[in-house]
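Structure record follows, encoded as structure tokens.
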Amino acid sequence: MPDNLPPAFVAYPRLPGHQLLSLQGVDAAVFAHAQFSSDVTALPLQHWQWSAWLTAKGRTLAVFQLLRLAEDHVMLVLADADADAIASQLQRFVFRRKVKLQVHADLAVAGAFTAPEAATGAAIAGGGDAGWELDLGSDALPRTLRIGPAEGFAAGSEAEEAAFALAWRQTDLRFGLPRLEESQREVWTPQQLGLDRLNGYSVKKGCYPGQEIVARTHFLGKAKRVVQLLHAAAPAQAGDAVQQDGAALGSIASVAGDLALAVLPLETSDAELQVGGVVAQRVPLLDGLAR
């Protein structure tokens, strides 16, 4: 558990900024399969996976959890992206598909740094009015995500919610899960963001936006950059340059307090890294969040 949490947290505090988008209808899974990077139709019911929505050039617009709740119901858990904007953009591709897009203002997302009561791995627990429970951690760092009616989660103070949201975001980065601000969208390929560590894209399924770029990079071995977790001695910002020996080496893709995910060349020396003229130490990523 992170050591910077306030002394008294309500059970399952809400995660500010998390939004939910449902795709419902007989074509929901097929539509999601054609739009997103993961193999949706191969995902069993009541299971979830990491996925992404890419541009035609293979650049990442959003990274999210994709839940297959029923034959006719797929739900996206968006930690950073604007659900209304994504729904509006996706609507342009619906055409005659029997699928309805709905942003859920009636539901909320909450979390806890404890092991789930019933969910495990990619298997979702619960459903209906009780909401859903997801395993979003590992043995080394247990976390539980819950989705349910907004009124069902107690609200903490503004300061408590902000502190919890930062702690959650930092653990996301420790697992190698990118949290993309607006400035970092349409910048990185899934390989550069390390989404292979999360099983966040497929190179075997049919076409989806950016699939050709993703597959070519995978099969030709052209991925030259990878994410590295850094501990920055001074506050960094997404987009900041990472330097080594006075030369630009890469840049910051995600930031959470004193932690940052940087996209760096696969092959680098062990020489000191700097961000904003201040030393940034390499930190090993945690495994266990792949689904």
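The values are calculated or read from the model by the stated rules, or taken from the named source; none is laboratory data. What you see is a predicted model; the values in this text were computed from it and never measured. Cβ sites come from the backbone with ideal geometry, for glycine too, and all protein chains shown count toward neighbours. Surface areas here come from the heavy atoms of the whole protein model, side chains and all, with no ligands, DNA or RNA. Shrake-Rupley method; radii C 1.70, N 1.55, O 1.52, S 1.80 Å.
Observations on the structure shown:
- When residues in segment 241-285 are screened for being open to solvent by 40 Å² or more (accessible area, probe 1.4 Å) and under 12 Å from Q228 (Cα atoms), 8 of them pass.
- Each residue in segment 13-33 was checked for being of a type in the set (G, A, S), open to solvent by 10 Å² or more (accessible area, probe 1.4 Å) and under 17 Å from the mean Cα position of the chain (by Cα), and 1 of them qualify.
- Within segment 82-103, being closer than 18 Å to H18 by Cβ and in contact with a helix residue (DSSP H, G or I) (Cβ under 8 Å, 6 or more places away or on another chain) holds for L101, Q102, V103.
- Members of segment 175-204 that are touching a residue at least 24 places away in the same chain (Cβ under 8 Å) and in contact with a helix residue (DSSP H, G or I) (Cβ under 7 Å, 6 or more places away or on another chain): G176, L177, R179, T189, P190, Q191, Y201
Yes/no per residue for (1) at positive phi; (2) at pLDDT 95 or above; (3) in a strand (DSSP E or B):
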position: L21; (1), (2), (3): no, yes, yes
position: A29; (1), (2), (3): no, yes, no
position: A34; (1), (2), (3): no, yes, no
position: S38; (1), (2), (3): no, yes, no
position: W53; (1), (2), (3): no, yes, yes
position: L61; (1), (2), (3): no, yes, yes
position: L66; (1), (2), (3): no, yes, yes
position: V74; (1), (2), (3): no, yes, yes
position: D80; (1), (2), (3): no, no, no
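- Every residue from segment 112-166 that is surrounded by fewer than 13 Cβ atoms within 10 Å (Cβ to Cβ) and hydrophobic (A, V, I, L, M, F, W, C): A118, A130, A140, A154, A159
- With respect to the stated conditions, A81 fails to be open to solvent by less than 70 Å² (accessible area, probe 1.4 Å), of a type outside the set (K, R), farther than 21 Å from W53 by Cβ and in contact (Cβ under 8 Å) with a residue 12 or more places away in the chain.
- Consider segment 229-240 and keep the residues that are open to solvent by 30 Å² or more (accessible area, probe 1.4 Å) and modelled with pLDDT of 95 or more. The one that is nearest to T60 (Cα to Cα) is G239.
- Of the set (1) under 30 Å from A162 (Cβ atoms); (2) open to solvent by 30 Å² or more (accessible area, probe 1.4 Å); (3) aliphatic (A, V, I, L, M), all apply to V226 but (1).
- Subset of segment 50-65 (residues that are surrounded by 17 or more Cβ atoms within 10 Å (Cβ to Cβ) and either under 16 Å from D172 (Cβ atoms) or hydroxyl-bearing (S, T, Y) (or both)): W50, S51, A52, T60, A62, V63, F64, Q65
- Among the residues listed as A150, A167, A140, the single one being more than 16 Å from the chain's Cα centre (by Cα), in contact (Cβ under 8 Å) with a residue 12 or more places away in the chain and under 17 Å from H18 (Cβ atoms): A150
- Some residue of segment 139-154 being under 20 Å from V63 (Cβ atoms) and in a loop (DSSP other than H, G, I, E, B): yes
- Residue match in segment 97-109 (condition: assigned to a loop (DSSP other than H, G, I, E, B), in contact with a strand residue (DSSP E or B) (Cβ under 8 Å, 6 or more places away or on another chain) and farther than 23 Å from P44 by Cβ): yes
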